[in-house]
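Inspection log for the structure reproduced underneath, given as structure tokens.
The values are calculated or read from the model by the stated rules, or taken from the named source; none is laboratory data. Because the structure is a prediction, the values reported are computed rather than measured. No Cβ is skipped: glycine too gets one built from the backbone with ideal geometry, and neighbour counts run over all protein chains shown.
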Amino acid sequence: MNDDHRFFGHPRGLATLFFTELWERFSYYGMRGLLILFMVASTDHGGLGFPALKAGAIYGLYTGMVYLLGLPGGWIADQIIGARKAVLYGGIVIALGHFCLAFPSINTFYFGLVLITIGTGLLKPNVSTMVGQLYAQNDPRRDAGFSIFYMGINLGAFVAPLACSYLGEKVNWHYGFALAGIGMTAGLIQYVLGLRYLGDAGRNPAPVSSAREASSRKRNLVIGLAAAFTIVVTVAGLAATGALSVAVLSNAFGILLTTIVVALFGWLLFGGDWPPVDRKRLIAIFVLFVAACLFWSAYEQAGSTLSLFAERNTDRHWFNGFPAGWFQSLPALFVIMLAPLFAWIWVRLGTRNPSSAAKFSIGLLFAGLSFAILIPVALRAGVSPMWLTMTYLLQTLGEMCLSPVGLSAMTKLAPARVASLMMGVWFLADSIGNYISGRLASLYESFPLNWLFGIVAAFCILLGLGLALLVRPMKRLMGGVN
Ligand code: GLN
């Protein structure tokens with residue numbers, strides 16, 4: 001693998017994974033650009049005619065679930081099938097999910113959403129793991145490899161709303177969803193054809209070191225499958241009897257997320273026999289985790305609140321009334337433009353490079369500003385598209401400070417024996433953020449929008465400032481890691 005330089009100086013296998021993730025993100029963001037607008041569109045216009053209250057709750061459940069299922073998805077690959085098969089099966093399930101949405105029926109709509117959450121849970125964490133496995137442990141190209149991969153994500157995310165929202169909003173919602181499915185299928189074909197370039201990456205589950213570990217793996221597998229089966233059957237049964245409304249499910253999901261956070265951090269912070277250095281670092285992880293949850297709550301409103309704002313309050317008369325979903329291409333476009341600049345800035349700053357906590361604080365301030373600028377125009381109609389464009393620019397500036405820094409800080413701070421759990425913690429923050437971003441969109445029709453934007457802005461700015469005050473103590477807690 002090491003002497004393979006066929007893809008921009010990187011192993012050829014990176015091209016396979018780059019295009020797989022490009023097409024997977026194409027399908028994810030293409031569909032997400034349509035999702036809330038389709039749900040709130042009247043039935044006369046081919047939509048579901050849901051009020052924002054219900055549509056926001058479904059958005060939060062769906063996107064929150066997508067990221068939460070990354071945890072079992074990573075576990076299944078590690079323990080049972082290996083990342084390579086997980087990506088393949090995940091991709092197939094995702095494509096089937098989008099094709100379900102291509103049918104105009106409420107049952108296929110819900111079923112399709114469930115399939116996409118399961119498929120993405122299998123695919124997304126594992127395709128990233130395989131990128132890491134393309135390189136030997138100390139290959140200096142590894143970080144650059146991940147940067148190229150991040151470009152793939154955003155290329156897919158940039159093109160998708162342009163194409164799917166045009167078809168979906170202008171022609172027929174279901175054609176837009178079908179296009180997302182076609183994108184995932186293209187990615188799958190490319191993946192299968194390119195498998196031979198992956199070497200041993202993701203070929204097998206993690207090796208077992210002892211007979212005891214092998215048997216505990218089997219036991220975990222049985223427990224995991226039994227738990228998943230029980231949950232699916234119970235939820236499906238309750239839903240069929242009509243006992244489970246969207247509101248009940250959404251509240252239940254909130255309780256589930258809270259329970260996971262309390263149990264996980266309860267154990268990490270108060271249980272475990274960590275040496276003092278590790279215990280301090282775990283406190284630092286918790287602080288960064290809270291900041292990340294809040295950041296994603298603001299950021300992921302791109303597909304919920306801000307999507308409604310694009311449709312209902314923004315002037316879109318150019319190009320014969322361009323689709324509201326087009327705005328969702330902007331964050332990805334800005335990432336593509338800004339990522340190289342930020343990489344250069346961090347290197348350029350050398351020893352004056354701000355600490356992770358400082359970058360998180362700046363990230364939150366940008367997120368806060370992105371909503372603050374919308375307050376004066378929140379109650380107006382026909383607002384200039386410049387406002388949302390500015391909002392997404394500010395959010396992307398925040399993302400550049402927080403997202404790449406976050407995962408790397410988590411992995412550096414984590415005590416060795418819970419290293420892979422930290423990847424999960426990062427996904428959990430995303431899940432919580434997405435869930436909240438949906439709950440906030442639920443308020444769109446019942447709460448004054450200037451207040452809604454104001455509250456999001458205030459939370460982000462206050463926590464951002466609070467974190468700025470904590471930069472020094474955080475440095476002490478992080479003990480040498482910055
Ligand atoms: N846009 C990136 C992706 O889809 C990151 C989004 C996130 O972590 N919430 O992978």
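Since residue 447 meets every condition but one in (1) over 22 Å from residue 59 (Cβ atoms); (2) at pLDDT 95 or above; (3) not in a helix (DSSP H, G or I), which condition does it not meet?
Evaluating residue 447 over (1) over 22 Å from residue 59 (Cβ atoms); (2) at pLDDT 95 or above; (3) not in a helix (DSSP H, G or I) leaves (1) as the failure.
Taking only pairs six or more apart or across chains, which ones have beta-carbon atoms under 6 Å, a first residue in the range 181-202 that is closer than 14 Å to residue 15 by Cβ, and a second residue that is among the aromatic types (Phe, Trp, Tyr) and part of a helix (DSSP H, G or I)?
187/23; 190/19
Please verify whether the range 297-311 includes one or more residues that are surrounded by fewer than 21 Cβ atoms within 10 Å (Cβ to Cβ) and in contact with a helix residue (DSSP H, G or I) (Cβ under 9 Å, 6 or more places away or on another chain).
Taking every residue of the range 297-311 in turn, at least one turns out to be surrounded by fewer than 21 Cβ atoms within 10 Å (Cβ to Cβ) and in contact with a helix residue (DSSP H, G or I) (Cβ under 9 Å, 6 or more places away or on another chain).
Considering the range 194-203 alone, what residues qualify as being closer than 17 Å to residue 136 by Cα and surrounded by fewer than 14 Cβ atoms within 10 Å (Cβ to Cβ)?
Result: 200, single match.
If I filter the range 89-116 down to residues being among the β-branched types (Val, Ile, Thr) and surrounded by fewer than 22 Cβ atoms within 10 Å (Cβ to Cβ), which single residue comes out as farthest from residue 203 (Cα to Cα)?
Step one: of the range 89-116, the residues among the β-branched types (Val, Ile, Thr) are 92-94, 106, 108, 114, 116.
Imposing the further condition that a residue be surrounded by fewer than 22 Cβ atoms within 10 Å (Cβ to Cβ) reduces the set to 92-93, 106, 108, 114.
Working: 92: 18, 93: 20, 106: 38, 108: 34, 114: 27 Å.
Result: 106.
Restrict the check to the range 261-284 and report whether at least one residue is within 16 Å of the ligand (Cβ to nearest atom) and either modelled with pLDDT of 90 or more or part of a helix (DSSP H, G or I) (or both). Lay out the reasoning, then the answer.
We begin by selecting, within the range 261-284, every residue within 16 Å of the ligand (Cβ to nearest atom); these are none.
No: the range 261-284 contains no residue that is within 16 Å of the ligand (Cβ to nearest atom) and either modelled with pLDDT of 90 or more or part of a helix (DSSP H, G or I) (or both).
I want to confirm something. Restricting to the range 321-375 and keeping residues that are of a type in the set (Ser, Thr, Tyr) and more than 16 Å from the ligand (Cβ to nearest atom), which single residue is modelled with the lowest pLDDT?
351
Within the range 185-239, which residues are assigned to a loop (DSSP other than H, G, I, E, B), polar (S, T, N, Q) and over 20 Å from residue 72 (Cα atoms)? So that I can check it myself, show each step before the final result.
Going through the range 185-239, the residues assigned to a loop (DSSP other than H, G, I, E, B) turn out to be 199-210.
Right, trim to polar (S, T, N, Q) and you get 204, 209-210.
Selection gives 209, 210.
If the requirement is being part of a helix (DSSP H, G or I) and surrounded by fewer than 21 Cβ atoms within 10 Å (Cβ to Cβ), which of these qualifies: 338, 365?
338
Which of the residues that make up the range 376-416 are surrounded by 18 or more Cβ atoms within 10 Å (Cβ to Cβ), more than 27 Å from residue 312 (Cα to Cα) and more than 16 Å from the ligand (Cβ to nearest atom)?
Of everything in the range 376-416, those that are surrounded by 18 or more Cβ atoms within 10 Å (Cβ to Cβ), more than 27 Å from residue 312 (Cα to Cα) and more than 16 Å from the ligand (Cβ to nearest atom) turn out to be 413, 414, 415.
Considering only the range 125-157, how many residues are in contact with a strand residue (DSSP E or B) (Cβ under 9 Å, 6 or more places away or on another chain) and modelled with pLDDT under 90? Can you show your working first?
Keep residues of the range 125-157 that are in contact with a strand residue (DSSP E or B) (Cβ under 9 Å, 6 or more places away or on another chain), which gives 134-135, 141, 144-145, 148.
Narrowing further to those that are modelled with pLDDT under 90: 135, 141, 144-145.
Residues that pass the stated criteria total 4.
Being crowded, with 24+ Cβ neighbours inside 10 Å and assigned to a helix (DSSP H, G or I) narrows it down to one residue among 132, 119; which is it?
Exactly one of 132, 119 is crowded, with 24+ Cβ neighbours inside 10 Å and assigned to a helix (DSSP H, G or I), namely 119.
Show the residue pairs that are 6+ apart or on different chains and have beta-carbon atoms under 7 Å apart, the first residue being within the range 308-329 and outside any helix (DSSP H, G or I), the second being surrounded by fewer than 23 Cβ atoms within 10 Å (Cβ to Cβ) and of a type in the set (Ser, Thr, Tyr).
Qualifying pairs under 7 Å: 315/384; 323/166.
If I filter the range 258-280 for residues that are touching a residue at least 24 places away in the same chain (Cβ under 8 Å) and over 29 Å from residue 421 (Cα atoms), do I get at least one hit?
The answer is no; no qualifying residue exists.
Taking only pairs six or more apart or across chains, which ones have beta-carbon atoms under 6 Å, a first residue in the range 124-151 that is without any contact (Cβ under 8 Å) to a residue 12 or more places away in the chain and under 22 Å from residue 427 (Cα atoms), and a second residue that is away from the ligand (no atom under 16 Å from the Cβ) and among the hydroxyl-bearing types (Ser, Thr, Tyr)?
As it stands, the answer is 142/135, since those pairs meet every condition given.
Tell me which residues, restricted to the range 11-63, are within 16 Å of the ligand (Cβ to nearest atom) and β-branched (Val, Ile, Thr).
Within the range 11-63, 20, 63 qualify.
Return the pairs, sorted by first residue and then second, in which the second residue is hydrophobic (A, V, I, L, M, F, W, C) and not in a helix (DSSP H, G or I), the first residue lies in the range 430-445 and is more than 16 Å from residue 35 (Cα to Cα), the beta carbons are less than 8 Å apart, and the residues are 6+ apart or on different chains.
From residues that are more than 16 Å from residue 35 (Cα to Cα), there are no pairs.
Would you point out which residue out of 143, 139 is assigned to a helix (DSSP H, G or I), of a type in the set (Asp, Glu) and more than 16 Å from the ligand (Cβ to nearest atom)?
143
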